[in-house]
Amino acid sequence: MDDSSGISKKKSLKVNYTQTETPSSTENSSQAPNRQSREVQTDAHEIKENIFAEFDLDSLLNFLKRVTPLVCSVLERNSKSKAFDRYKLLSEADSTSISCLHVLEKSLSDEFCCSSISWNSVGTAIAAAYSSIDHVSWCEHNSSVDLWSLGRKDFDPKKPNLTLETDCCITCVSFHPELPAVIVAGKLNGEILLWDISREDDPLLASTEAAIFNHREPITGLHWMLQYGKQNKIEFASCSLDGKILLWSYEASTLKLNNGFVILAKQLPRNFQIKTRRENAEIGVTSMAINSEDRNIFVIGIEGGGIFQCLFDSLVVPSYASFSPIALKSPISMGFERHNGQVTAVQFSPFSRNVFLSAGTDGELRIYSLLQPKPLLILQLPNGGINTAQWSPIRPLVFSCVSNDGQFHMWDLKVDEKSPIESIPLTIEKSSGLSLQNNKKNPSLLATSCSDGTIQVWELSGSVLMVETGEELQLQALSKNID
């Protein structure tokens, strides 16, 4: 086909080919292994050793001979050590509200004990009197009254801050309730010493003479006579195993005898009669307490277990043959049901005029009322007699005691009227407890003394210091529970 334009419309095509290299590829496969667990148990094989292995017998004997004396000496020394007396394992710890704060002791021979203790009026120092345990005849021992000041920086429980030496055993000691430096002490031979420890050169103020009309037997009690309007006046009463109760005052650098009483066997009520060889035989006074509200009334415990209410204003003059510069009187006004053993302590309640506490070697604690002869309550220790007892100065229903078997007991009548709430051994060796004193200025402290010469200072806490409402009313109700 011709085209008038002369341009050919036919297109030409040409086929071309290109080729690339063939891509290389590979295939791999993987397989997870299968696992299985198996347990195998075998019997334990006990390997028995030959306990009878051969040894050198001569070498063993030589070793034992060499070390035995050394081991025995160490064991003996450890048995006498007091380093862990108050130590208690954590596993043995309990919820006790009483803990031992200090153990006071001095170097003493085995025959001496701490017979009496007393806190000073501000509650910072304690006095301890020492006496021999056994006296075959007249006392020839040199003894002392030692003082520890617990608040001083140089306080050392094994070294007293002051020692007052005496030429005879001391059976009783008492700080003045208002003058912190004044101390009175009674000897085994009946003499009385008065000190003022603020006088460093010569603290001895006065002493009684060895006269037939003074005490001639061991002093068993010293009690301060505080009168209204006569603060800081030094007056006190003393009682003794010679049956006398004497009243003293410090005047013109001497101890003046102002009044006196004597307990005679034939003056006792008929149901308290004691058989004696002499018609007018004296009956020893073992303890005494003065009423905190009525200073004319006092209570005494005598040999044989008798307890009597007495009056300082008594005018009854007994037929007494012994010479005396004053007319000795019979103070007894009423008798109470007796203990089955020696009366070791009597004390009036600080919270009730009519209620008082007594303790005896029969292991009984008794609560009496001045309004009836029979006890209101009798508490019995299972073991051991009681050497002393005291009311708490802040809790009307709490009192404590120490016993012959080395125990310190505390009662709370609001909790239990039959058993003590606390019973704690005084020492590891269970040495007999001899004395007990509450700290009236610091009621959380209490001190006891033992036959081994040590003094324990106890710290009270918890319920024994918490005064509950109604306690005083409960004590009053107990005192009115009269048959």
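Looking for whichever is exposed (fewer than 10 other Cβ atoms within 10 Å of the Cβ), hydroxyl-bearing (Ser, Thr, Tyr), outside any strand (DSSP E or B) and at pLDDT below 65 here; the options are SER79, SER91, SER59. Which one fits?
It is SER91.
Which residue out of LEU247, LEU226 is assigned to a loop (DSSP other than H, G, I, E, B) and either at pLDDT 90 or above or not small (Gly, Ala, Ser) (or both)?
LEU226 is the lone residue from the list that is assigned to a loop (DSSP other than H, G, I, E, B) and either at pLDDT 90 or above or not small (Gly, Ala, Ser) (or both).
Go through the residues of region 311-323 one by one and say whether even a single one is at pLDDT below 95, aromatic (Phe, Trp, Tyr) and surrounded by fewer than 16 Cβ atoms within 10 Å (Cβ to Cβ).
yes
Restricting to region 170-225, what's the tally of residues that are of a type outside the set (Ser, Thr, Tyr), open to solvent by 20 Å² or more (accessible area, probe 1.4 Å) and more than 17 Å from CYS239 (Cα to Cα)?
14
In region 303-341, how many residues are part of a strand (DSSP E or B) and among the polar types (S, T, N, Q)?
2
For residues in region 359-375 being aliphatic (A, V, I, L, M) and more than 15 Å from PHE399 (Cα to Cα), which is surrounded by the most Cβ atoms within 10 Å (Cβ to Cβ)?
Among those residues, the one meeting the criterion is LEU370.
Applying the selection to region 99-115, what residues are open to solvent by 10 Å² or more (accessible area, probe 1.4 Å) and not in a loop (DSSP other than H, G, I, E, B)?
SER99, CYS100, LEU101, HIS102, VAL103, PHE112, CYS113, SER115, listed by residue number.
What number of residues in region 324-342 are in contact with a Gly (Cβ under 8 Å, 6 or more places away or on another chain), surrounded by fewer than 16 Cβ atoms within 10 Å (Cβ to Cβ) and either at pLDDT 90 or above or not hydrophobic (A, V, I, L, M, F, W, C) (or both)?
Within region 324-342, residues that are in contact with a Gly (Cβ under 8 Å, 6 or more places away or on another chain), surrounded by fewer than 16 Cβ atoms within 10 Å (Cβ to Cβ) and either at pLDDT 90 or above or not hydrophobic (A, V, I, L, M, F, W, C) (or both) number 1.
Within region 243-276, work out how many residues are in contact with an Asp or Glu (Cβ under 9 Å, 6 or more places away or on another chain), open to solvent by 20 Å² or more (accessible area, probe 1.4 Å) and charged (D, E, K, R).
1
Can you work out which of the residues in region 132-179 that are in a loop (DSSP other than H, G, I, E, B) and among the β-branched types (Val, Ile, Thr) is nearest to HIS223 (Cα to Cα)?
By that ranking, first place goes to ILE133.
Go through LYS414, LYS441 for me and flag whichever is surrounded by fewer than 22 Cβ atoms within 10 Å (Cβ to Cβ), basic (Lys, Arg), in a loop (DSSP other than H, G, I, E, B) and in contact with a helix residue (DSSP H, G or I) (Cβ under 7 Å, 6 or more places away or on another chain).
LYS414
Each row is one residue, and each column tells you yes or no for (1) assigned to a helix (DSSP H, G or I); (2) open to solvent by 100 Å² or more (accessible area, probe 1.4 Å); (3) at pLDDT below 70.
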| residue | (1), (2), (3) |
| --- | --- |
| THR22 | no, yes, no |
| ASN28 | no, yes, no |
| ARG38 | no, yes, no |
| GLU46 | no, yes, yes |
| ILE51 | no, yes, yes |
| LYS65 | yes, yes, no |
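What residue, among those in region 277-287 that are within 23 Å of ARG353 (Cα to Cα) and in contact with a Leu (Cβ under 9 Å, 6 or more places away or on another chain), is most open to solvent (accessible area, probe 1.4 Å)?
Across region 277-287, the extreme among qualifying residues is THR286.
When the residues of region 343-370 are narrowed to those that are within 24 Å of TRP224 (Cα to Cα) and part of a loop (DSSP other than H, G, I, E, B), which ends up farthest from the chain's Cα centre (by Cα)?
Among those that are within 24 Å of TRP224 (Cα to Cα) and part of a loop (DSSP other than H, G, I, E, B), it is LEU370.
Inspect all residues belonging to region 456-476 and state whether any of them is at pLDDT 90 or above and open to solvent by 20 Å² or more (accessible area, probe 1.4 Å).
Among the residues of region 456-476, at least one is at pLDDT 90 or above and open to solvent by 20 Å² or more (accessible area, probe 1.4 Å), which makes the answer yes.
If ARG295 satisfies all but one of (1) open to solvent by 50 Å² or more (accessible area, probe 1.4 Å); (2) at pLDDT below 90, what's the number of the condition it fails?
For ARG295, the exception is condition (2).
The values are calculated or read from the model by the stated rules, or taken from the named source; none is laboratory data. A quick note: this is a predicted structure, and the numbers were derived from the prediction, not measured. Here the Cβ is made from the backbone with ideal geometry for all residues, glycine too, and neighbour counts use every protein chain on show. Just so you know, the surface numbers come from the protein's heavy atoms only, side chains and all, with ligands and any DNA or RNA stripped out. Shrake-Rupley method; radii C 1.70, N 1.55, O 1.52, S 1.80 Å.
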